[in-house]
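Working notes, beginning with the structure itself.
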Amino acid sequence: MALTTNTQANSGGIVNHATGYVVSDAGAAAAATFTVGFTPRVVRFHNVTDRISDEWLKDMASASSIHTVAAGTRTLETTNGIAVSGNTFTVTATTMVASKTFVWEAIG
């Protein structure tokens with residue numbers, strides 16, 4: 001899968017706060033890694049096409065997240081969430097599905 005649009009910026013010049021906008025193509029789903037330039041303590045990743053959100057907070061296990069679907073149901077994702085390592089975070093192929101629009105926020 002290729003990312004057809006990928007924009008990223010430090011919002012409003014605030015240090016250790018980054019946001020991004022990603023549109024995936026129609027190819028097979030694939031994991032995606034984002035470099036933010038600092039170690040995130042909070043990562044929010046939203047599939048705006050399907051209204052699904054994942055949120056990772058410092059000290060959560062790798063590849064875990066609080067997963068919220070459009071109906072409002074919240075669950076603890078333990079294998080297909082968000083993994084943070086150094087100044088990057090990765091979302092799995094299960095989360096980063098094809099032909100969708102995503103927005104994300106990372107706070108250090």
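Since every read-out is calculated from the coordinates, none of them should be taken as a lab result. Remember, it's a predicted structure, so these values are computed and weren't measured experimentally. Neighbour counts are summed over all protein chains in view; Cβ atoms, including those assigned to glycine, are modelled from backbone coordinates with ideal geometry.
If you keep only loop residues by DSSP, which chymotrypsin sites (Phe, Trp or Tyr not before Pro) in segment 14-67 have at most 13 other Cβ atoms within 10 Å of their Cβ? Mind showing how you got there, number by number?
Values: sites: Tyr21, Phe34, Phe38, Phe45, Trp56; in loops: Phe38.
In loop regions of segment 14-67 (DSSP not H, G, I, E or B), there are no sparsely surrounded chymotrypsin sites (Phe, Trp or Tyr not before Pro).
At 7 Å along Cα-to-Cβ for each site, give me the label-to-label distance between Leu57 and Ala98 in nm.
Simple spin-label model gives 3.6 nm for this pair.
Give me the number: length gained by fully extending Ala26 to Ala70, i.e. 0.36 nm times residue separation minus the C-alpha to C-alpha distance, one decimal in nm. Could the numbers behind the result be given before it?
Values: separation 44, 0.36 × 44 = 15.84 nm, distance 2.21 nm.
Residue separation times 0.36 nm, minus the Cα-Cα distance, leaves 13.6 nm.
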